[in-house]
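See structure below.
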Amino acid sequence: MAVLDSVNVSTIWIVVVILLAAKRPAATGWAYTVGAFVTFGTFTLLLYFGLNAAETWLDGLTLWLRRILFTIITVVFIVLGVRRFTARPRRGYGLPSWVNAWTALPLGLVATISDIPNAFPMFLAVERLIDTGIAPETAVPVLIGYTAIYALPTLAVLIVGLLYHDRLRARLQTLYDRYATGHTKPSGTIAALCFTAAAASLAILIFLIR
């Protein structure tokens with residue numbers, strides 16, 4: 001689940017934009033990355049301890065949490081599938097002028113909090129730890145390891161981008177132009193994959209979560 005969660009397009013994308021546009025890409029990139037992953041790890045631990053405490057008061061909490069999560073996942077994949085049938089303009093994200101080495105850390109905090117609803121695997125991982133009765137002294141290192149795995153792709157992009165900045169700048173700019181300009185093309189294949197994922201999630205919700 002951590003590997004699936006680590007493919008966080010929005011976090012990686014902001015790092016790419018920082019590498020391309022920041023006046024001090026190293027300091028700004030590291031500040032943003034630290035802010036993002038400290039926020040994610042803190043939220044994960046708070047969620048675990050909060051739900052773990054609530055479970056002692058609310059019988060069947062994890063059952064309802066699973067139902068809610070898989071319902072949301074099903075709806076999200078259906079919406080994504082429907083959207084893939086039409087062409088839509090891509091939204092390019094530039095780097096605001098106020099982003100620098102000092103403001104990048106709180107930017108990482110805000111960006112991560114806004115992206116938390118998309119972290120379905122993390123919610124499921126926390127739910128599994130609680131439902132299986134894993135003790136906090138084991139669960140905490142597991143969640144810290146989860147956060148470390150979650151951070152790896154973004155860290156890799158940042159480190160490689162800083163080490164080979166001049167060589168990769170043209171490629172990063174091409175990548176940015178490709179996914180931030182123009183229009184997305186309709187794709188029946190991607191729509192079918194989204195609907196398949198929605199059907200699988202719905203099947204789990206109906207037949208396995210009781």
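With respect to Ala139, is the statement that it is touching a Leu at 6+ places or on another chain (Cβ under 6 Å), part of a helix (DSSP H, G or I) and either among the β-branched types (Val, Ile, Thr) or over 19 Å from Val34 (Cα atoms) (or both) true? In short, yes. List the residue pairs whose Cβ atoms are under 9 Å apart, where the first residue sits in region 178-189 and is within 20 Å of Val16 (Cβ to Cβ) and in a loop (DSSP other than H, G, I, E, B), the second is at pLDDT 70 or above and not hydrophobic (A, V, I, L, M, F, W, C), and the two are 6 or more positions apart or on different chains. Pairs found: Thr181/Pro89; Gly182/Pro89. The set of residues from region 96-137 being open to solvent by 50 Å² or more (accessible area, probe 1.4 Å) and under 15 Å from the mean Cα position of the chain (by Cα) comprises Leu109, Val110, Ile113, Ser114, Pro117, Asn118.
I'm trying to understand the selection: among the residues of region 163-177, which are touching a residue at least 40 places away in the same chain (Cβ under 8 Å) and open to solvent by 50 Å² or more (accessible area, probe 1.4 Å)? If the condition is that a residue be touching a residue at least 40 places away in the same chain (Cβ under 8 Å) and open to solvent by 50 Å² or more (accessible area, probe 1.4 Å), then Arg169, Gln173, Leu175 are the ones that fit.
Taking Ala170, is it over 21 Å from the mean Cα position of the chain (by Cα) and either modelled with pLDDT of 90 or more or of a type in the set (A, V, I, L, M) (or both)? Answer is yes for this residue.
In this structure, is Thr132 β-branched (Val, Ile, Thr) and under 16 Å from Tyr48 (Cα atoms)? Taking the combined requirement at face value, the residue satisfies it. Scanning for something open to solvent by 50 Å² or more (accessible area, probe 1.4 Å) and not in a helix (DSSP H, G or I), does region 143-160 turn up at least one residue? No, the conditions are met nowhere in region 143-160.
If Val75 passes every condition in (1) modelled with pLDDT under 95; (2) surrounded by 14 or more Cβ atoms within 10 Å (Cβ to Cβ) but one, which one does it miss? It fails just one condition, (2). Residue under question is Val140, and the condition is that it be surrounded by fewer than 18 Cβ atoms within 10 Å (Cβ to Cβ) and among the β-branched types (Val, Ile, Thr); does it hold? Yes, satisfied.
The values are calculated or read from the model by the stated rules, or taken from the named source; none is laboratory data. Predicted, not measured: the structure shown is a model, and the values here were computed from it. Quick reminder, even Gly has a Cβ in these numbers, built from the backbone with ideal geometry, and neighbours come from all protein chains shown. To get the accessible areas, we keep the full protein, side chains included, count just its heavy atoms, and leave off ligands, DNA and RNA. Shrake-Rupley method; radii C 1.70, N 1.55, O 1.52, S 1.80 Å.
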